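Participant: Supplied in structure tokens, the structure appears directly below.
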Amino acid sequence: MTIETQSPDAPAERRWHPLESIERRVLGVLVEKAKTTPEAYPLSANALRTGCNQKNNRAPFMQLEEEQVEEACERLRKTGAIAQVQGMGRVDRYRHLAYEWLGVNKVELAVMAELLLRGTQTVGELRGRAARMEPIKDLGELQPTLESLLAKGLIMYLSPPGRGAVVTHALYLDREMEKVRREAREFHAEQGVGEPEPAEPRYAPTAVRPAATIDAAETRQAAHGNLASEVASLRGQLDDLKQELAAARAEFDSTASELRRGLDELNRQLGN
């Protein structure tokens, strides 16, 4: 079975380019499944379709046919982002070449996969979701990865950097990118994101909390946020396993049917 491999160094020149939405979904699923369910990887077109059509950890929701997935795989294969490998029996499978194609390391690829699967999100959401593929302890540990991806032109900020910042990937087509930026501007205008803090203090002198109280409250809030992210991540993994089990069962039934037909044909030829 082919396993996920990592390119130690980025390519000398950029190989990646913007992708259609189905191509982004396919590439994201291949990276995700290689990291979360390596025993079922590489993926058949049927398993890929199931992964693309998952309801959890996907945005927008898609209902793709296997033919659409196969066509996207062929385009990705021609551009060097994925490879087709011979699977069991007559079923071909696919694996990603995203390390080399994007020129990234393991953690960077996990972050890119989440952005490809869900699009625009806050850095906090991104950390919680990408941590199910590669360990990312907190936002401080995520920040160097984001800076590296930004330097490579693979991501962009849609709001001022910092806690609560919104980021997305740079693999949109031009027409989609303009829509993403417009929606971000409209959202920020409604929320007042990036506006300066009020000049007056937030608390009257008698209501100022001691520093120790503030630190404790922020610590509890951060712990609660991390726990919620972990719970969401575990639920996502459980849903992924259910999807993988359903796909594996369907593929097993299909293979078993082929074997039975082959056996019946052999018996017929032997006169049994």
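Participant: Sort His169, His96 so that the residue with the fewest other Cβ atoms within 10 Å of its own Cβ comes first and the one with the most comes last.
Facilitator: His169, His96
Participant: Neighbouring Cβ atoms within 10 Å as the yardstick, rank Glu23, Glu178, Glu190, Glu134 fewest first. Walk me through the numbers on the way to the answer.
Facilitator: Numbers: Glu23 20, Glu178 11, Glu190 8, Glu134 16.
Sorted ascending by nearby Cβ count, the order is Glu190, Glu178, Glu134, Glu23.
Participant: Turning to a different aspect of this structure: Just want the ordering: Tyr172, Tyr157, from fewest to most Cβ atoms lying within 10 Å of their own Cβ.
Facilitator: Listing Tyr172, Tyr157 from fewest to most nearby Cβ atoms yields Tyr157, Tyr172.
Participant: Now for a different question. Applying the Karplus parametrisation 6.51 cos²θ - 1.76 cosθ + 1.60 with θ = phi - 60° to the phi angles of segment 157-174, what ³J(HN,Hα) value in whole Hz is obtained for each residue in order, glycine and proline being reported as x?
Facilitator: In residue order, the calculated couplings are 8, 9, 8, x, x, x, 4, x, 5, 10, 10, 8, 8, 10, 9, 5, 6, 4 Hz.
Participant: Using a cut-off of 18 Å between alpha-carbon atoms, which lysines can reach Lys137, once sequence neighbours fewer than 8 places away in the same chain are excluded?
Facilitator: Lys35, Lys106
Participant: Tally Lys/Arg at +1 and Asp/Glu at -1 over every other residue whose Cβ is under 9 Å from the Cβ of Glu125; what's the total?
Facilitator: On the way: positive: Arg118, Arg127, Arg129; negative: Glu114.
After counting each charged neighbour, the total is +2.
Laboratory data are not the source of any read-out in this text; all were calculated from the coordinates shown. Note that this is a predicted model, so its numbers are computed, not measured. Heads up, the Cβs are rebuilt from the backbone with ideal geometry, glycines too, and the neighbour counts pull from every protein chain shown.
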